[in-house]
Amino acid sequence: MKHQSLDGSSHLLIELAGLLYEGRPDGDLCTTARAPRSHPDVAEKVDRFARFADDQYQDLTSLLAALSTRLRDTKSNYVSYDGEVAGGMMNALLETGVYVPPEKR
């Protein structure tokens, strides 16, 4: 696994959250459907839909930001662990390894 792909994916998630935030639902659009401009039943349905859509939007942007953070943490842990394993194996090989000629195997 390459840690650059983890880093790139975390940046992509946060960029997506940012784009969604920039294109967030416009609250003024829902005010034009309020009574008395529209029928009270329509106004109530539009208000209910707008609140639901805003809730889902907030959840999605929060989720993307949280996933991006978690992915960055995972990348950091992966790089640290991979470096420890590689360093430990290399040191162990150099410290405890014994050369055995092919004819003596």
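The values are calculated or read from the model by the stated rules, or taken from the named source; none is laboratory data. Owing to the predicted nature of the structure, the values given are computational and were not obtained by experimental measurement. Cβ sites come from the backbone with ideal geometry, for glycine too, and all protein chains shown count toward neighbours. Surface accessibility is based on the protein's heavy atoms, side chains included, excluding ligands, DNA and RNA. Shrake-Rupley method; radii C 1.70, N 1.55, O 1.52, S 1.80 Å.
Figures for the structure shown
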{"read-out": "Gain in span if fully extended, residue 44 to residue 103, counting 0.36 nm per residue against the direct Cα distance", "value": "12.4 nm"}
{"read-out": "Two-decimal Rg to Rh for the stretch 26-70 - Kirkwood Rh, Cα set", "value": "1.22"}
{"read-out": "Cα-centred dipole magnitude for the stretch 26-70, charges only on beta-carbon of K, R (+1) and D, E (-1), debye, nearest 20", "value": "40"}
{"read-out": "Candidate residues 20, 64: accessible-area rank, largest first, probe 1.4 Å", "value": "20, 64"}
